[in-house]
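K.L.:
Sharing a structure below in structure tokens format, with a few things to ask.
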């Protein structure tokens with residue numbers, strides 16, 4: 001399965017294709033309504049929280065971020081995007097703060113012990 005680019009339009013297309021019922025919020029919601037904000041490449045959504053919708057959301061997220069890793073935070077095991085996916089998303093945004101973060105992540109990945 002070819003993974004889509006992580007841009008707002010593609011993320012929303014994947015959510016729609018999976019039938020996820022959600023509300024788009026944040027800067028992207030303001031921009032698409034004409035607010036003169038700086039362009040954003042992410043999208044914030046609040047999904048309806050019934051079991052069936054969350055199952056569809058899970059399938060959509062799997063398609064978007066197929067490389068996830070399980071980490072321990074305190075007492076909890078959580079699933080997070082792989083560093084490679086975080087790096088890719090930082091490089092796609094092309095903002096100065098993301099470029100700095102991408103450099104740090106890339107350097108870490110190159111020097112990480114196996």
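K.L.:
Just a yes or no: is a residue in the stretch 44-55 at pLDDT below 85 and either closer than 23 Å to residue 17 by Cα or surrounded by 15 or more Cβ atoms within 10 Å (Cβ to Cβ) (or both)? Give the steps one after another, and end with the answer.
P.N.:
Taking the stretch 44-55 first, the residues at pLDDT below 85 are none.
So far as the stretch 44-55 goes, no, none of its residues is at pLDDT below 85 and either closer than 23 Å to residue 17 by Cα or surrounded by 15 or more Cβ atoms within 10 Å (Cβ to Cβ) (or both).
K.L.:
Within the stretch 12-19, is even one residue touching a residue at least 12 places away in the same chain (Cβ under 8 Å), assigned to a strand (DSSP E or B) and buried (at least 16 other Cβ atoms within 10 Å of the Cβ)? So that I can check it myself, show each step before the final result.
P.N.:
Our first condition is that a residue be touching a residue at least 12 places away in the same chain (Cβ under 8 Å); within the stretch 12-19, this holds for 12, 14-15, 17-19.
When the remaining residues are screened for being assigned to a strand (DSSP E or B), the result is none.
No, because not a single residue in the stretch 12-19 is touching a residue at least 12 places away in the same chain (Cβ under 8 Å), assigned to a strand (DSSP E or B) and buried (at least 16 other Cβ atoms within 10 Å of the Cβ).
K.L.:
At least 2 residues that are in contact with a helix residue (DSSP H, G or I) (Cβ under 7 Å, 6 or more places away or on another chain) in each: list the strands (runs of 3 or more DSSP E) lying fully within the stretch 28-114 that qualify.
P.N.:
On the way: elements: 44-47, 68-73, 76-81.
Output list reads 44-47.
K.L.:
Between a first residue in the stretch 66-92 that is farther than 23 Å from residue 11 by Cβ and a second residue that is surrounded by 14 or more Cβ atoms within 10 Å (Cβ to Cβ), which pairs have beta carbons less than 8 Å apart while being 6 or more apart in sequence or on different chains?
P.N.:
Filtered contacts from the stretch 66-92: no entries.
The values are calculated or read from the model by the stated rules, or taken from the named source; none is laboratory data. As the structure is a prediction and not an experimental result, all values here were calculated from the model. Positions of Cβ are generated from backbone atoms using ideal geometry, with glycine treated the same way; all protein chains shown enter the neighbour counts.
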